[in-house]
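Worksheet: the structure to be examined is printed underneath.
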Amino acid sequence: MESSSNPSSLKHYLMEEFDPRIFSDTYCSHTSHKELLEETTLLPLRQLHKLLSPGRITGETLICIPVASIIFPLIPFLEFFNDITVLECNDVCIKELEKWRNSHDEAYDWSHASKISAELKGKGDEWKIREEQLKISIKRILKCDFTKENPTDPVTLHKVDCLYVNCSLETICKDQDEYFSCLKKISEWLKPGGHLILMAVLNGSFYMVGEHRFHLLTLDEEFIRKALRDIGYVTETIEVVERKLKYEAASYDHLAFITAVKQ
């Protein structure tokens, strides 16, 4: 794994100018490096379809905390949840998410990812229908500020059946204590017996957005397992996938896909 020689020089997702379009173009676009697209788009979609297909993770309500304005991982959830809340900490990313949900002329084009997701379900010709269904299922997009006692103040969220956290806390949190605190606050929104689906970057240190190098919190599997246990989860499944890509846009060793039940 490549490492940053000067961590203090890294930019931070919440404090620096962040361009979600450049981020999406780099990591998840149809023009992205082929191997990078495999790890950042195809792999997560395949894992989500595998986790959700048995039908044991279901309900009515879902809260998603994505990374930047990456919205396509929510498509696999459509068959199981019809009331989705998206929480985002960055104002620029919120604007991008709203443009997509409202089908604005300047909205980012996620059709390539929608097609991949539909093909995984054997419904490749229905990708546009599924994309429109997701826009309807996303009932609210809210600003989230973890420095507040109620991160979505002035809105108070009801407890939901499922939480999906997609590599977002690694970009937000400066250290492991802050990560634990944020994960604990998030868990207050989950009903007892509800599922947490957590996608995490392991042993990361930075990611690039254009010419800028951004902070990525270093985590390992042991820390995440203990954090979930201490908060009151029972881990059901965990799959750790080794990074095969040598592309230098981001530094990490593995991706972890975790499901856990709140006790």
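The values are calculated or read from the model by the stated rules, or taken from the named source; none is laboratory data. Owing to the predicted nature of the structure, the values given are computational and were not obtained by experimental measurement. Here Cβ is always computed from backbone atoms with ideal geometry, including for glycine, and neighbour counts include all displayed protein chains. What goes into the accessible areas is simple: the full protein's heavy atoms, side chains included, and nothing from ligands, DNA or RNA. Shrake-Rupley method; radii C 1.70, N 1.55, O 1.52, S 1.80 Å.
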The chain, helix-only ellipticity at 222 nm - DSSP H runs n ≥ 4, -39,500 (n - 2.57), divided by all residues, nearest 500: -8500 deg cm²/dmol
Accessible area of the chain belonging to carbon and sulfur atoms, whole % at 1.4 Å probe: 49 percent
Rel. contact order, % - alpha carbon contacts under 8 angstrom, at least six apart, segment 1-121: 25 percent
At q = 0.13, 0.14 Å⁻¹, base-10 log of I(q)/I(0) for the chain (Debye sum, equal scatterers on each alpha carbon): -0.81, -0.97
Cα convex hull volume per residue for segment 31-120 (Å³): 107 Å³
Bridge type composition, the chain - antiparallel percent by DSSP, nearest 5: 55 percent
Pairwise centroid distance, computed over Cα atoms, of segment 44-90 with segment 200-229, Å: 21 Å
Relative contact order (percent, whole number), segment 21-91, Cα cutoff 8 Å, 6+ residue spacing: 28 percent
Most to least packed among 195-207, 41-53 [average Cβ atoms within 10 Å]: 195-207, 41-53
Rounded accessible area of residue 247 (nearest 10 Å², 1.4 Å probe): 90 Å²
Mean projected area (nm²) of the alpha-carbon convex hull when segment 152-245 is viewed from all directions: 7.4 nm²
Accessible surface of residue 161 - all protein chains present, 1.4 Å probe, nearest 10 Å²: 30 Å²
Accessible area (Å², per residue) of the chain, counting only protein heavy atoms and a probe of 1.4 Å: 46 Å²
Reachable lysines from residue 34, criterion Cα separation under 16 angstrom, eight or more residues apart if same chain: 244, 246
